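S.K.: Mind having a look at this structure? Questions to follow.
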Amino acid sequence: MCPPVYMFVEITAGTQPKEPALLHDLNEPLIEHAEGQLFLTETFKIILEEVLCKGTDVKEKVCEWKEPEELAVLLDLELRDTGEPQGKLLKRVKDVAKYSIKTSHPRFFNQLFAGVDYHSMAGRFLTEALNTNLYTYEIAPVFVLVEAEVLRGMHRLVGWTEGDGIFCPGGSISNMYAMNLARYQLFPEIKSRGLWGLPRLTIFTSAESHYSVKKGAALLGIGTDHVILVKVDDGGRMIPEDLEEKIKLAKSEGSVPFLVSCTSGTTVKGAFDPLDHIANLCEKYMLWMHVDAAWGGSVLFSSKHRHLMKGVDRANSVAWNPHKMLVAGLQCSALLLRDTTNLLKRCHSASATYLFQQDKFYDVNLDTGDKSVQCSRKVDCLKLWLMWKAVGSAGLEARVDKAFIHARYLVEQMKKREGFHLLVSISITLVAPLIKERMMKEGTMMVGYQPQENRVNFFRVVAFSPLISQKDMDFFLNEIERLGKNM
């Protein structure tokens, strides 16, 4: 005799729902597959032509700049009760592509993401089409295994033979995960009791570190006043001697130091903190050592440049964004942990029984969703796995080395142009914004600018896309000179 099967059918609006006014035959799908597939096919053609062909052609513009009011009219943003015909929708798609910034363009130097890798792009298309959630093996068997393998590969590059980790929605969240884990390891009762009764905790990070450290302190209830900024040298690297002085001072004032957040590749200067020296202090004072390598972590692929992160294997956690220097595509951000005690799961688990049943027919350790603070989690590992499989570690090493070659070339060429060194105008702080305005309206290239401390506005050139060449570096210098004339 078969055992009874109990079923619960969830009805969203009461136990006795009224019969709805049917607009469609219930035996027919609401979506017309043939029409939808045709629309998708035509959309892919637009993507290939407007984004991946024109958008990577140096003869085309980086952007087609429009003021917000004009752009809103061009896009016809209003949402209406009735749908639009396919022809009109395809025009919308084309307009979105036309007026968006072409971040894959060889002359897009504006952010710490740029360029395109076509294998990664294929992975992104595939995960979007499969539309699954990375929390259990039963719903995402392929991606659970892929994520585990990619994390193992990244662990090896850090210098660990084992560990834990998870892909996160951006480097900022990875940094916040590390802060939460460090606090939980020291005070595990916080998970159930909250902040009540905890001492005043202190975080240390460099004056050049990413703003997410302060955001994380605010979010976690630590407070931004308890993020202590450590002095940096002329190259933007944390000064270990100042770190130790500030640790001692915090302890003498009754605070409990618990985490040092180092940076490998600061946002502005690209500086790499001296990890070995900082690790000595973290071990001495029993502090969690986190390395924000969102930007610089990819140097670990390079035998020529991995020395910049010497000592990273001594860290407790590392944040690394392959969507930056490796061009894996947004978003692709991993948090790597040296821990082997399941700290990630112990800290974040809620043991939801509708997802994480312990009597499943497969190994429930494959259900990784309880390691995450999220429930829904996008698949961000496949794009990196597919790209890594396609070009190998050697290909990714060449990509990193080429980025350094372009950066050195640009610096050498700048040194030959006196105008890039002398800041003589009284209104010099206005030069960069004016050049940027002209640049955007002409659409020839994109590069960001910013002030820093008491320095005037300066351009921050990000040159790592595999699509760029030395001709693009020369173009950048010539274009800055051209746009800056008659100021």
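The values are calculated or read from the model by the stated rules, or taken from the named source; none is laboratory data. No experiment lies behind these values; they were computed from the predicted model shown. Neighbour counts are summed over all protein chains in view; Cβ atoms, including those assigned to glycine, are modelled from backbone coordinates with ideal geometry. We work out accessible area using only protein heavy atoms, side chains counted, and drop any ligands, DNA or RNA first. Shrake-Rupley method; radii C 1.70, N 1.55, O 1.52, S 1.80 Å.
S.K.: Sort 373, 318, 461 from largest to smallest accessible area, using a 1.4 Å probe on the heavy atoms of the protein chains.
M.R.: Output order, biggest surface exposure first: 373, 461, 318.
S.K.: Another one. Which sequence of 132, 353 reflects their accessible areas, 1.4 Å probe, from the largest down?
M.R.: Output order, biggest surface exposure first: 353, 132.
S.K.: Which aspartates and glutamates, on any chain, are close to residue 231 with Cα under 19 Å apart, when same-chain ones fewer than 8 places away are left out?
M.R.: Within the straight-line cut-off, residue 231 pairs with 208, 241, 242, 244, 245, 273, 276, 292, 453.
S.K.: Report the extension gain between residue 38 and residue 342 in nm, rounded to one decimal, defined as 0.36 nm multiplied by the number of residues separating them, less their alpha carbon distance.
M.R.: Length gained between residue 38 and residue 342: 104.7 nm.
S.K.: On to the next question. Roll a 1.4 Å probe over the protein heavy atoms and report the accessible area of residue 183 in Å², nearest 10.
M.R.: 20 Å²
S.K.: Quick one: accessible surface of residue 71, probe radius 1.4 Å, all protein chains present, in square angstrom to the nearest 10.
M.R.: Roll a 1.4 Å probe over it and residue 71 shows about 50 Å².
S.K.: Of the beta bridges DSSP finds with both residues in the chain, what % are antiparallel, to the nearest 5?
M.R.: If we restrict to bridges inside the chain, about 45 percent are antiparallel.
S.K.: Given a 1.4 Å probe and the protein chains all in place, what does the accessible area of residue 166 round to, in Å² to the nearest 10?
M.R.: 0 Å²
S.K.: So if we plug the beta-carbon distance of residue 86 and residue 111 into 1/(1 + (r/R0)^6) with R0 = 35 Å, what FRET efficiency do we get, rounded to 0.05?
M.R.: Rounded to the nearest 0.05, the efficiency is 0.55.
S.K.: Which entries of 246/284; 304/402; 324/415 show an alpha-carbon separation above 18 angstrom in the structure shown?
M.R.: 324/415
S.K.: Next up: For a quick check: with amide H placed at 1.01 Å from N, whose amide H comes under 5 Å from residue 460's, ignoring anything fewer than 5 positions away on the same chain?
M.R.: 448, 449, 450
S.K.: With each run of n ≥ 4 DSSP H residues scored as -39500 (n - 2.57), what mean residue ellipticity at 222 nm is computed for the chain after dividing by its residue count and rounding to the nearest 500 deg cm²/dmol?
M.R.: -12000 deg cm²/dmol
S.K.: Separate question: Sequence neighbours fewer than 8 away in the same chain don't count; with that in mind, list the lysines whose C-alpha is under 21 Å from residue 441.
M.R.: Partners within reach: 54, 59, 61, 66, 94, 98, 102, 485.
S.K.: Compare the Cα positions of 272, 209, 195 along the charge dipole of the range 168-322 (+1 at Cβ of Lys, Arg; -1 at Cβ of Asp, Glu; about the Cα centre) and return the one farthest towards the positive end.
M.R.: Sorting the options by dipole projection puts first 195.
S.K.: Here is a follow-up. What nm value, rounded to one decimal, do you get for the distance between residue 438 and residue 471 when each label is placed 7 Å out toward the C-beta?
M.R.: 2.4 nm
S.K.: If 155, 226, 277 are ordered by their accessible area, calculated over protein heavy atoms with a 1.4 Å probe, which sequence runs from highest to lowest?
M.R.: Sorted descending by solvent-accessible area, the residues read 277, 226, 155.
S.K.: Something else about it: For the ranges 72-84, 394-406, what's the packing order if you count other beta-carbon atoms within 10 Å of each residue, average per peptide, and put the highest first?
M.R.: Listed from highest to lowest mean packing, they are 394-406, 72-84.
S.K.: Work out, step by step, the length gained on full extension between residue 128 and residue 220: first 0.36 nm times the residue separation, then minus their alpha carbon distance; give nm to one decimal.
M.R.: Gain on stretching residue 128 to residue 220: 29.9 nm.
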